1. Among the numbered conditions (1) within 26 Å of S162 (Cβ to Cβ); (2) surrounded by 18 or more Cβ atoms within 10 Å (Cβ to Cβ); (3) of a type in the set (A, V, I, L, M), tell me where L246 comes up short.
2. If H234 meets every condition in (1) of a type outside the set (G, A, S); (2) over 19 Å from G335 (Cα atoms); (3) out of contact with any helix residue (DSSP H, G or I) (no Cβ under 9 Å at 6 or more places or on another chain) apart from one, which number is that one?
3. Inspect region 207-223 for any residue being over 14 Å from N324 (Cα atoms), in contact with a helix residue (DSSP H, G or I) (Cβ under 6 Å, 6 or more places away or on another chain) and small (G, A, S) and give the result as yes or no.
4. Give me the pairs: first residue in region 63-75 and farther than 17 Å from L230 by Cα, second residue surrounded by 14 or more Cβ atoms within 10 Å (Cβ to Cβ) and of a type in the set (G, A, S), beta-carbon distance under 6 Å, and six or more apart or on different chains, which are they?
5. Considering region 133-167 alone, what residues qualify as being in a loop (DSSP other than H, G, I, E, B), in contact with a Lys or Arg (Cβ under 8 Å, 6 or more places away or on another chain) and either within 24 Å of D321 (Cα to Cα) or among the polar types (S, T, N, Q) (or both)?
6. Tell me yes or no: at least one residue of region 10-31 is within 19 Å of D148 (Cα to Cα), touching a Ser or Thr at 6+ places or on another chain (Cβ under 9 Å), loosely packed, with under 13 Cβ neighbours inside 10 Å and at pLDDT below 95.
7. Is there any pair with a first residue in region 279-291 that is closer than 13 Å to G245 by Cα and without any contact (Cβ under 8 Å) to a residue 60 or more places away in the chain and a second that is part of a loop (DSSP other than H, G, I, E, B) and not hydroxyl-bearing (S, T, Y) whose Cβ atoms are under 7 Å apart and which are 6 or more apart or on different chains, and what are they?
8. How many residues does region 173-219 contain that are more than 17 Å from A267 (Cβ to Cβ) and part of a loop (DSSP other than H, G, I, E, B)?
Amino acid sequence: MCMKRRSFLRSSAAFLGVGLLAPRDTHADQIHPHHSHAASLMTECARRFLAALDANQRGKATLPFDTGERMNWNYVPMERKGLPLREMTPYQRHLASALLAAGLSQSGYIKAVTIMSLEDVLKLIEHDSGETRNPEKYYFSIFDTPSDNGVWGYRVEGHHLSQNYTVVDGTVVAGPSFFGANPAEVLQGPRKGLRTLAREDDLGIDLMHALDEPMQKVAVVDPHAYPEILTAAHRNAALQGQPSGLPAAKMSATQFDALMALMEEYARNVTDELAEARIAQINKAGRNIYFAWSGGFNRGDPHYYRIQTPYFLIELDDTQDDANHIHSVWRDFKGDFGEDLLQQHYHASHQSK
C-alpha cells in the first residue's frame, strides 16, 4: 500500500510556528486513545506470533514487564534477550515481521529490513564467518502478556536497529527509536550505491547549506564531529546544560521549512497514528527548537547534528569508517519506554483503590 504524504504547511504558518505539520488525514483526531488502531494491531500481531512458537521459543521471547531488561536497549552487535530470527521457522519469521511492521510506517519498515540486510554486506567486507555479521541475529522480545487492556510492550533489536514500544491501557508509546546504517552507502558489489538512511543524512546537510555563514557559525557547536550520538544507548535521553546551537526562532521561513522537513522524516518512520503524536510534539514546540552541528557540511565529511526541543531529541552521527557509518535516533525526554504514561496509569490505579 502506497502511503500518501502530506508535508507541513509552508510560508506564513511555518514562519509563525503554528500549524507546522498538517495531519495526514482528517480522522487522526477522532481516534480514541484507549481504543487506538495501533495498539489493537500490535496486540493481535504479538498474540499471533506467540501462538506460533513452541514452549521453549515462547520462554525466550517473553519476559516480565517490570524488569531492567525492558530498558536495556542497544544497537551494537551482541547477544540479547529474546528470540532471534535464526531460531525461527520460516512461517514464524513472517509473523515476527508482521509484529515489526505493526509499529512502523511503510518507509520505516523498509529502512528496518534494509538495515538487517546490511549485515550480509558487512560479512563480505569484513570476511566474517557469518556469526558476528548475521542478518538473522535480530531479537524479538515481548514484555508481559499482549492485551487490549493492561500494560505490556515489545522490542525488536539487533545491530543498528532498536524499536521499542510500550502499550498502556490501549495507548502506544514508541521509543527509543534507533536506526543505523553501516555502510551508510554501499561502495562495492551488486548493491553499490544503496543508502539506507539517505534522507536523514541529506536533509541535515541541506539545512546547513540553507543557513547563511553567521547562522552556520551559531549552529556549529564543535568544528570536529562528535564520534557518537551523545545519548548513546542510555536509558534516559538526558543532555547536560541548556540547549545549544541555532534557535529555530532565528531562522527564516525557508530555513525553518528545511528544519521541519528533517524532523518530519523522523516522525514518519512510525505508523500514521504514532507519527501524529510525534507531529503534535513538533507543533507544540513551535519555535522552541535548537539545531546543533559538529564537523563538516558536505557529503563525505564526518558530521553530527542534533535537534532538541523541550519534548524530544533527534541525533545523527556519520563519523565512523571514514564517515560512512550512520547512527540516528528519536528520543522522548519523558516518554521513552512509556514512562509518562506508566506513571499516570499507576497513579490512577492507586487512586482507584
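The values are calculated or read from the model by the stated rules, or taken from the named source; none is laboratory data. A quick note: this is a predicted structure, and the numbers were derived from the prediction, not measured. Neighbour counts are summed over all protein chains in view; Cβ atoms, including those assigned to glycine, are modelled from backbone coordinates with ideal geometry.
1. In the conditions (1) within 26 Å of S162 (Cβ to Cβ); (2) surrounded by 18 or more Cβ atoms within 10 Å (Cβ to Cβ); (3) of a type in the set (A, V, I, L, M), L246 misses (1) alone.
2. The single condition H234 does not satisfy is (2).
3. Taking every residue of region 207-223 in turn, at least one turns out to be over 14 Å from N324 (Cα atoms), in contact with a helix residue (DSSP H, G or I) (Cβ under 6 Å, 6 or more places away or on another chain) and small (G, A, S).
4. Final answer for the pair search is L63/S141.
5. The answer is R133, N134, E136, K137, H159.
6. No, because not a single residue in region 10-31 is within 19 Å of D148 (Cα to Cα), touching a Ser or Thr at 6+ places or on another chain (Cβ under 9 Å), loosely packed, with under 13 Cβ neighbours inside 10 Å and at pLDDT below 95.
7. Sorted first by the residue in region 279-291, then by its partner, the pairs are N288/P310; Y290/P243; Y290/G245.
8. 15
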